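Please read the structure below before turning to the comments.
No value in this document is a laboratory result; all are computed from the given coordinates. Just so we're clear, the structure is a prediction, and the values are computed from it rather than from any experiment. Cβ atoms come from the backbone with ideal geometry, glycine included; neighbour counts cover every protein chain shown.
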Number of protein chains: 2
Amino acid sequence: MKAVGINGYGTIGKRVADAVAAQDDMKLAGVTKRTPDFESKMAVEKGYPLYISVPEREELFEEAGIKISGTIEDFYDKVDVIVDATPEGIGAKNMEIYKKLGIKSTFQGGEKHDQIGKSFNSFANFKDSIGADYVRVVSCNTTGLCRTLKPINDLAGIKKVRAVMVRRGADPAQVKKGPINAIVPNPPTVPSHHGPDVQTVMNGLNITTMALLVPTTLMHQHNLMVELENSVSADDVIDKLENTPRVILVEASKGLGSTAQIMEYAKDLGRPRSDLFEIAVWKESINVVDGELYYMQAVHQESDVVPENVDAIRAMLEIEEDPAKSIAKTNKAMGIKG
Amino acid sequence: MKAVGINGYGTIGKRVADAVAAQDDMKLAGVTKRTPDFESKMAVEKGYPLYISVPEREELFEEAGIKISGTIEDFYDKVDVIVDATPEGIGAKNMEIYKKLGIKSTFQGGEKHDQIGKSFNSFANFKDSIGADYVRVVSCNTTGLCRTLKPINDLAGIKKVRAVMVRRGADPAQVKKGPINAIVPNPPTVPSHHGPDVQTVMNGLNITTMALLVPTTLMHQHNLMVELENSVSADDVIDKLENTPRVILVEASKGLGSTAQIMEYAKDLGRPRSDLFEIAVWKESINVVDGELYYMQAVHQESDVVPENVDAIRAMLEIEEDPAKSIAKTNKAMGIKG
């Protein structure tokens, strides 16, 4: 079985580690960490081999009583493919090292498409990454857009998309970011980079986006206005999305009227870390007026890209070449709506 | 000089009281209050005659050491026109009383257009209210939309507007409202009521809106996508808005990249209560792509409708029938950008 290594055991890395460990057609060979913090300690407690990415720090880990399995050089020897979940901008630098060693890798949405050369979404363009060496899994926001726009495009054909992305200011554990009490156009220029990012996996889609930051930590929220090629009803869209994997419909009238309530629902589902891997679309918001589809959705920024990383590994290592089969397999192992 | 009374000396009422007191062609005859709180005390300290709207509460005001000038019945005797700034839904009930007494009144955006019969925005439809008895000044959000859409319509003709309204969850002094950490589609259905509300003053405008609440208290933020009839450049729009009263352009690159920084700017301007009566449009956000104009703006929900109430009084009492002259006069008295 192919060995997967996670370089960077942080917000995304630790989640992908668990997701890989849950699959039966790949194995988790180890994870890397710079700092002997609670995450390092818990990785070892879970039985994940821990490698340190800065060899000079070995003593710090010893002092903290955290047993390491070696340095990053040892890590490279153990893995067939790397999930690079290092902070934004580091991945592209790491790619040079991976290339020299001949190790394949996925990267995260913080890296630039042009530097990695290929972007990935399980639904939009899985097949483009079959056998590929370096693949960038698009960001949480772009993944969220693709998850619903792809099935809508299949259903009715998309003429033009306008989207306003209301983004969380920081993740729940981040205490040094804001805003605390402000709305921040981010970027203050229009259009934002999210539209072109969607186009890296849905080539040719006509999409314009605007983006802001607001004082919340739980989820991003997207407002979509989609001009359609073909006439469909709101019920047709509801039916399509109800039958789309990794998308759930939620109803404000049933107590799910905000991102806070959706994340409370995720807690009750009993998922690891109370994550919500699916994109939640507000059923009441789905409406078609004058041939234009409107809807609102919520994106759990810490976890929606996790199953996509697993699928990307399958495509790159040619473990599975049928996207639907990979998606179904990942979903089943992780308890995600199929 | 005609006598103006403010019924409901709260967030809007106290601001309109000051604005009326600042004009030289109308006088403030008094304000009403239900509760002997700090606002009542400060109204008396400012020299505004205070009338109590619940006569049975006279003792409470006495106990609090707040000198009243009479009850609401006495108030009605003193005024030629009322600014009704009572809580949402009360105004329509009060209108029945005003009708019996033959007193004209403005109402606020919380009342329903159909109940009041006529809606007002200084720029969009001032002349429709000349001599009118009952006029509803549209809400802060609708006022914000009209302030920029009207000049853009004059400049280039509007084919269709799409707007996403990111609204503040509560005003700064409100401690019993939320959300604290969530994004709330509000309403969760699309379109929201803001589009039809704009149409009460910009008849025939093709506009669709979506709206949310977020955890901030300072300002609303609007994201606009405007399909235009005629070809104009971003510079044309910038030039038009720079020459539009009650609209200011702000630049993220000059330290005004968020609603918090814009309200800090308002503090530095030295306005009463640090209000920002103007709509702030982010200059960087103004862009024209494929015949469609994009921009972002911020709306100070507590104060933007205040000058509009003054203009509405002038129209109703036929003190001034030229909107541009009334707007200029109000602006000069209040120190607003003309």
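Are any of the pairs B:K2/B:K325; A:K2/A:K118; B:K14/B:K176; B:K46/B:K67; B:K27/B:K150 more than 24 Å apart by Cα-Cα distance, and if so, which? Flagged as over cut-off: B:K27/B:K150. Backbone geometry of segment A:2-11 corresponds, through the Karplus equation with coefficients 6.51, -1.76 and 1.60 at θ = phi - 60°, to 3J(HN,Hα) couplings of 5, 9, 9, x, 9, 9, x, 8, x, 3 Hz, x marking Gly and Pro. Under 5 Å from the amide H of A:V138 lie the amide H atoms of A:F120, each residue being 5 or more positions distant or on a separate chain, with H modelled from the backbone and absent for Pro and chain starts. Diagonalising the gyration tensor over the Cα atoms of segment B:231-281 and scaling each eigenvalue by 5 before taking the square root yields semi-axes of 23, 13, 7 Å, largest first. The mean number of Cβ atoms from other chains found within 10 Å of a Cβ in peptide B:169-182 is 3, as a whole number.
Just to be sure I understand: of the beta bridges DSSP finds with both ends in the protein assembly as shown, what percent are antiparallel, rounded to 5? Write down the numbers at each step before the final one.
Numbers: 46 of 114 bridges.
Roughly 40 percent of the beta bridges in the protein assembly as shown run antiparallel, per DSSP.
Between the amide H of A:I158 and those of A:E229, distances stay under 5 Å, these residues lying 5 or more places away or on another chain, with hydrogens modeled in the peptide plane. Taking a quarter of the surface of the Cα convex hull of segment B:140-299 gives a mean projected area of 9.7 nm².
Compared with the dominant Cα axis of chain B, that is its longest principal axis, helix B:90-101 is turned about 50°.
Quick check on packing: order A:116-125, B:147-156 by the mean number of other C-beta atoms within 10 Å, highest mean leading. Spell out each step's value before the answer.
Working: A:116-125: 23.4, B:147-156: 20.1.
With the highest mean Cβ count within 10 Å placed first, the list reads A:116-125, B:147-156.
Shielding by partners for peptide B:34-43, expressed as the average number of C-beta atoms from other protein chains within 10 Å of each residue's C-beta, is 0.
Label segment B:82-148 by shape, choosing from rounded, prolate and oblate, from the square roots a ≥ b ≥ c of the eigenvalues of the Cα gyration tensor; if a/c is under 1.5 it is rounded, and otherwise prolate applies when a/b is larger than b/c, oblate when it is not.
oblate
Over 19 Å apart: what share of the alpha carbon pairs of segment B:1-158 falls there, rounded to a whole percent? Write down the numbers at each step before the final one.
Numbers: 6896 of 12403 pairs.
The proportion of pairs with Cα distances above 19 Å equals 56 percent.
In the assembly of identical copies, B:G335 has its label point, taken 7 Å from Cα in the direction of the beta carbon, separated from the corresponding points by 5.9 nm (ascending, one decimal). Phi angles across segment B:198-206 convert, under the Karplus curve 6.51 cos²θ - 1.76 cosθ + 1.60 with θ = phi - 60°, into 3J(HN,Hα) values of 4, 5, 5, 10, 10, 4, x, 5, 8 Hz, Gly and Pro given as x.
If one takes the longest principal axis of the Cα atoms in chain A, at what angle in degrees, from 0 to 90 and to the nearest 10, does the Cα axis of helix A:323-334 lie? Helix A:323-334 and the main axis of chain A meet at about 70 degrees. The B:S274 and A:D171 beta-carbon pair, evaluated with R₀ = 41 Å, returns a calculated FRET efficiency of approximately 0.80. Helix A:140-156 and the longest principal axis of the C-alpha atoms of chain A enclose an angle of approximately 40°.
Of all aspartates and glutamates in the structure, the ones whose alpha carbon falls short of 13 Å from that of B:K112, not counting any fewer than 8 places away in one chain, are B:E88, B:D197. The other copies place their B:D133 label points at 8.3 nm from this one, listed shortest first, where each point is 7 Å from Cα along Cα→Cβ. Please work out the C-alpha center-to-center distance from segment A:48-89 to segment B:58-80 and express it in whole Å. Value for the Cα centre distance between the two parts: 75 Å. Applying the Karplus relation 6.51 cos²θ - 1.76 cosθ + 1.60 with θ = phi - 60° to segment A:221-228 yields 3J(HN,Hα) values of 10, 10, 10, 10, 10, 10, 6, 9 Hz, where x marks Gly and Pro.
The distance linking segment B:101-147 with segment B:237-260 is 26 Å (Cα centroid to Cα centroid, whole angstrom). Once the chain from A:E251 to A:S69 is taken as fully extended at 0.36 nm per residue, the excess over their C-alpha distance is 60.8 nm. Under a 5 Å amide H cut-off, with hydrogens placed 1.01 Å from N, A:I82 pairs with A:G5, A:K104, A:S105, A:T106 among residues at least 5 apart or on other chains.
The Cα atoms of chain A cover 65, 44, 38 Å along the three principal axes, with the biggest extent listed first. When B:E318 is represented by a point 7 angstrom out along its Cα-to-C-beta vector, the spacings to that point in the other copies are 8.9 nm, nearest first. Peptide B:308-316 is shielded by partner chain Cβ atoms: per residue, an average of 0 of them sit within 10 Å of its Cβ.
Taken as Cα centroids, segment A:294-335 and segment A:8-45 sit 18 Å apart, rounded to the nearest whole angstrom.
Calculated on the alpha-carbon coordinates, the convex hull of the protein assembly as shown measures out at 173 cubic angstrom per residue.
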